[in-house]
Amino acid sequence: MSMSEHERDLRARVGSLAVLELPTEPAPFRIPYGSDPNQFGDLYPPTGEGAHPVAVFIHGGYWRARYDVGNAGSGHVGWGLAAAGYAAWCLEYRRSGNAGGGWPGTFHDIAAGIAHLRVLAGTHALDLSRVTLVGHSAGGHLALWYAGARRLPPESAIAIRDWLTVARVVALAPVSDLRASSVSKASNGAADEFLGATPSSAPERFDSASPTALLPLGVRTRVLHGTLDSSVPFEMSEAYVSAAGAAGDDVALTRLDGMEHFEVIDPKSDAWPAVLAAMGD
């Protein structure tokens, strides 16, 4: 996908931001959505009057406990999204290695964290008709999964009881196919560790947890991926977007030539204007 006029305008608009030091202080608001210490979100409101469009950011780290909001890019993304006019709700959640993390707790946390926007909407002037899910890497998997999870049967262990409508998903180098990730043993078998199973031992877990298995998602989806990504292969996004399009989804892939895994969550990088463009596409 070539750079659109909209994206060129955004590049000019955020050009001044790229040469500034983004704030490094903590988020203005840290708000729990559950009782576990890992069940909270950091809220970065933009300046100006609301109601503000919302960007829910879900960080990556192959679902492992050692990667959290403090070291997986959430702070810079939160400030960067707020500077672009979004109320950024950056979720923390229980992960593999945390008590209650992995299957099924991580999925429950993502659903609860997103649903908590209803509580925040009045006091923080949020426009819940304009919610975008933005996920990076394993967080991209969780963002895509949430979009499709309303199709899960109620008896599923990870069925969502309180689904909040989202306008679009922007998936940044997402782990979109858990079976493929398992077969390739990506990040030393992170997918199997996360789900506590293999595709052969518990196929139903992979069927209900993998975005590829949930197509069509029925939500506008934009995928951005660097061609030099050594953490999540670019080819996974190519295959996902092809399958999603064939299933009838409104989906597009932005190919980031020469970029690796982390440029997409760096507001100072050349990839950032493309991320903001995808959010408004």
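Every read-out reported here was derived from the displayed coordinates using simple, explicitly stated rules and does not represent laboratory data. Just so it is clear, the model here is predicted, and its values are computed rather than measured. We place every Cβ from the backbone using ideal geometry, glycine too, and count neighbours over all the protein chains shown.
Can you compute the equivalent ellipsoid semi-axes for segment 54-93, i.e. the square root of 5 times each eigenvalue of the Cα gyration tensor, sorted largest first and rounded to whole Å?
Whole-Å semi-axes of the equivalent ellipsoid: 20, 9, 6.
Amide H to amide H, with H built 1.01 Å from N, ARG130 comes under 5 Å of VAL54, counting only residues 5 or more places away or on other chains. Of all the C-alpha pairs in the chain, what % are more than 23 Å from each other? Cα-Cα pairs of the chain separated by over 23 Å account for 49 percent.
Once backbone amide H atoms are built at 1.01 Å from N, THR221 has VAL169, ASP250, VAL251, ALA252 as its partners under 5 Å, excluding neighbours fewer than 5 places away on the same chain. Normalised Debye scattering of segment 16-105 at q = 0.11, 0.20, 0.26 Å⁻¹ gives log10 I(q)/I(0) of -0.33, -0.93, -1.31, counting only Cα atoms as equal scatterers and leaving out solvent. For PHE40, PHE29, PHE57, the sequence from fewest to most other C-beta atoms within 10 Å is PHE29, PHE40, PHE57.
Provide, for q = 0.14, 0.25 Å⁻¹, the log10 of I(q)/I(0) from a solvent-free Debye sum over equal Cα point scatterers in segment 143-231. These q points yield log10 I(q)/I(0) values of -0.53, -1.31. Evaluate the relative contact order of the chain (contact order divided by residue number), counting alpha-carbon pairs under 8 angstrom at least 6 apart; express in whole percent. For the chain, the relative contact order is 18 percent.
Taken over segment 171-275, the ratio of Cα radius of gyration to 2.2 N^0.38 Å equals 1.10.
Karplus-based coupling profile of segment 193-200, in residue order and whole Hz: 4, 5, 8, x, 6, 10, x, 7, with θ = phi - 60° in 6.51 cos²θ - 1.76 cosθ + 1.60 and x standing for Gly or Pro. Relative intensity of segment 51-201 on a log10 scale, I(q)/I(0) at q = 0.19 Å⁻¹, equals -1.18, per a Debye sum over C-alpha point scatterers of equal strength in the absence of solvent.
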